[in-house]
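Below is one structure, written out as structure tokens; the observations come after it.
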Amino acid sequence: MCQLIRVIGQPMMRVSLAAAVVLGLVPFGWWCFLAFTDGLGANPAQYLTLSSGEWSLVGLCLVLAATPLQRWLGVSWPLRHRRTLGLFTFFYATLHALAWAFWEQGLVLSAMGSDVVTRLFITVGVVAFVLMVPLAITSTNGWLRRLGRSWKRLHLLVYPALGLSVWHFWLVRAGKNDFAEVRVYIGITLVLVMLKWVRLTRARQRAG
Ligand code: HEM
């Protein structure tokens, strides 16, 4: 029976992983489609900068919602592929940062540096991105083993990364006086932080 489950389970796991990879590539594929059909609008660079920023934020929320989705709704798929989803999130955040560096700053280091220190929303975005770097680097099994218990502690950085990303989004939209969407992300962030706090408190009570 165990053997049968293993034989059926492995291809199922591969299909499920393939689904996560396909899902992760949807925004990129959509941009390619728009690029080939002249659908990126009057300012393609701006469209791609904004779109990659939004998808990074969606990814961060999905990664953090993986555990609550399994616990409270019994949906285990995001938790099973959290690492893949996390790496795609980092991929879109990197494209977002590159879009700014390339299209807004012409890859001139001095211009990038002065933008980081003079515009608060850029400073906040860069800090959020920097926090995501060690998470992406240590997402492998090797690092999980090497870091042991510290791995979990390190990966709590995803919460400040989300908080700063939402603040960054708020600052971007403040310039346009359009907060409707940002308020949704603030709500999602508060719920995710609260659920994490409840889980940590319960775990601490059980341990001591
Ligand atoms: C190196 C780090 C970052 C830089 C330089 C950066 C830069 C920018 C720029 C230039 C914009 C467009 C502003 C405008 O056109 O008015 C933007 C928007 C945005 N960024 Fe970032 N960002 C960074 C990190 C992040 C991160 C880590 C996230 C989320 C995970 C993020 C999410 C967003 C969102 C949601 C928007 C607004 C999209 C919209 O208005 O539809 N950014 N960012």
Inset, instruction - Just subtract the alpha-carbon distance of GLU54 and LEU190 from 0.36 nm times their residue separation and send over the number in nm, one decimal. - result: 47.2 nm
Inset, instruction - Just subtract the alpha-carbon distance of ASN43 and VAL117 from 0.36 nm times their residue separation and send over the number in nm, one decimal. - result: 24.1 nm
Inset, instruction - Could you pull the accessible area for LYS152 with a 1.4 Å probe, rounded to 10 Å²? - result: 150 Å²
Inset, instruction - With all protein chains present, calculate the accessible area of THR123 using a 1.4 Å probe and round the result to the nearest 10 Å². - result: 50 Å²
Legend entry - Within the chain, helix-based [θ] at 222 nm, where runs of 4 or more DSSP H residues each add -39,500 (n - 2.57), nearest 500: -28000 deg cm²/dmol
Inset, instruction - Please report the Cα spread of the chain along all three principal axes, rounded to whole Å, starting with the longest. - result: 59, 46, 35
Inset, instruction - Name the residue farthest towards the positive end of the dipole of the range 118-208 from the options THR201, VAL182, GLY125, assuming +1 on Cβ of Lys and Arg, -1 on Cβ of Asp and Glu, about the Cα centre. - result: THR201
Inset, instruction - Rank these by accessible area, largest first, 1.4 Å probe: ASP38, ASP115, ASP178. - result: ASP38, ASP178, ASP115
Legend entry - Model label zone, VAL15; criterion: amide N under 19 Å from point 7 Å along Cα-to-beta-carbon; scope the range 53-87: 75-81
Legend entry - Area of VAL172 that stays accessible when all protein chains are in place (1.4 Å probe, Å², to 10): 40 Å²
Legend entry - Approximate spin-label separation ALA35-GLN205, in nm, with each point projected 7 Å along Cα-to-Cβ: 5.2 nm
Legend entry - Charge dipole magnitude, Cβ of K and R +1, D and E -1 - the range 43-207, Cα centre, debye nearest 20: 1260 debye
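The values are calculated or read from the model by the stated rules, or taken from the named source; none is laboratory data. Since we're looking at a predicted model, the values are computed, not measured. Positions of Cβ are generated from backbone atoms using ideal geometry, with glycine treated the same way; all protein chains shown enter the neighbour counts. When the accessible area is computed, the model is the full protein with side chains, heavy atoms only, and any ligands, DNA or RNA have been set aside. Shrake-Rupley method; radii C 1.70, N 1.55, O 1.52, S 1.80 Å.
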